[in-house]
Each structure stands twice: as C-alpha cells, then as structure tokens.
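Step one of this worksheet: look at the structure below.
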Amino acid sequence: MRPALLLCLLAVLALPAAAAQAWRRRPSPTSTAAPAPGCARPTNAERVKAATLCPLNAQRARVGAGPLTQNPKLQLAAERHSLDMATRKFFEHVNPEGVSDAARIIHTGYPPIFIGENLAWGEEQESTPAMIVKAWMNSPGHKANLMRPN
C-alpha cells in the first residue's frame with residue numbers, strides 16, 4: 001500500500017512540468033509571460049522529485065514508517081491528472097467530469113487498494129519542495145496520508 005501514497009507526491013511534482021507543457025502548447029489568453037525560472041520542467045523534474053521525497057522520507061523515518069518509492073503506474077496517473085489540471089485550469093482531486101483519484105489510478109492498471117492523494121500548489125517561494133512538504137506536515141489530513149505506515 002505504501003506506493004499508493006506516492007501518487008500524492010507525484011501529482012504535485014508532475015504538475016509544474018505539465019503546466020509548463022500546457023503553457024507551451026496553449027498559453028493563457030491573459031498571460032504572455034514564460035513560466036518563472038526554476039519552475040519544474042522536464043530538465044529539473046527529477047531533482048524536484050528527489051528534493052521532495054528526501055524530506056518526506058525523513059519525516060516518515062522519524063515515526064518508524066518506511067520510505068515512499070516511485071511507481072510507474074502511479075507516476076502515469078499523476079502526470080495525466082496534473083496535465084489535465086494545468087490544461088483545463090482546475091485544482092481538485094476529482095476532475096470536472098467526476099473522475100476520482102482512485103479511478104485514475106485503477107485505469108493505469110494499479111490494483112484497487114487504499115488511495116491517499118495530496119495535491120499542492122504554490123507560487124514563488126511557496127512552490128519549493130521544502131515549502132510544500134512543510135505545508136503538508138502542518139495539515140493534519142495531508143500529514144496523516146503521508147505518515148501512514150502502509
């Protein structure tokens with residue numbers, strides 16, 4: 001069950017890259033500016049993932065929980081949802097058609113087990129991996145998802 005919790009992390013990490021892709025394909029009619037320097041793009045997405053996983057796993061280790069790990073099926077579900085949110089300009093666990101996180105994950109072939117999803121959005125300094133992890137740790141519901149031992 002531990003990998004299912006990673007969707008929450010991957011969704012937030014995939015979102016900036018997806019937003020950058022969506023921006024290149026369909027810029028907002030009200031904005032002509034490029035994404036801010038340092039925004040996650042395919043060139044730094046792996047560093048952003050590592051910079052988020054490291055403090056999350058340190059927090060988990062403090063409570064005796066094993067580390068979160070990456071999973072290709074969860075990554076696919078997260079990337080698809082992130083791109084959808086960026087393209088259609090919504091930020092929700094359930095898309096406008098009512099498709100939930102569990103349905104998105106099962107659609108990739110991942111087994112239907114307990115799912116927890118944490119999304120995060122930030123601008124400028126609030127969008128750094130450290131600030132996102134801090135925000136999750138300060139939110140009881142998000143923290144519970146991330147600290148669950150299984």
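The values are calculated or read from the model by the stated rules, or taken from the named source; none is laboratory data. Not measured: the values here are computed from a predicted model. With ideal geometry, Cβ positions are generated from the backbone for all residues, glycine too; neighbour counts draw on all protein chains shown. Quick note on the areas: whole protein, heavy atoms, side chains included, nothing else; ligands and nucleic acids left out. Shrake-Rupley method; radii C 1.70, N 1.55, O 1.52, S 1.80 Å.
Observations, loosely collected:
- Residue-normalised accessible area of the range 59-119, expressed per residue, 1.4 Å probe, Å²: 53 Å²
- Sulfur and carbon atoms: percent of accessible area, the range 53-108 [1.4 Å]: 60 percent
- In order through the range 130-142: 3J(HN,Hα) via Karplus (6.51 cos²θ - 1.76 cosθ + 1.60), integer Hz, x for Gly, Pro: 4, 6, 5, 4, 4, 4, 4, 5, 8, 10, x, x, 5
- Projected label points at residue 80 and residue 125, each 7 Å from Cα along the beta carbon direction, are separated by 3.8 nanometres.
- The solvent-accessible area of residue 139, taken with every protein chain present and a 1.4 Å probe, is close to 30 Å².
- Cβ-derived FRET efficiency at R0 41 Å, residue 107 paired with residue 134, nearest 0.05: 0.80
- List 117, 92, 124, ordered by accessible area with a 1.4 Å probe, largest first: 124, 92, 117
- Converting phi to 3J(HN,Hα) with the Karplus coefficients 6.51, -1.76 and 1.60 and the offset θ = phi - 60°, the range 66-79 yields x, x, 6, 10, 7, 9, x, 5, 5, 4, 4, 4, 5, 5 Hz in sequence order, with x at every glycine or proline.
- Full-extension gain in nm, residue 94 to residue 50, via 0.36 nm per residue minus C-alpha separation: 13.2 nm
- Per-residue ³J(HN,Hα) for the range 107-117, Karplus 6.51 cos²θ - 1.76 cosθ + 1.60, θ = phi - 60°, Hz, x for Gly and Pro: 4, 7, x, 6, x, x, 10, 4, 10, x, 10
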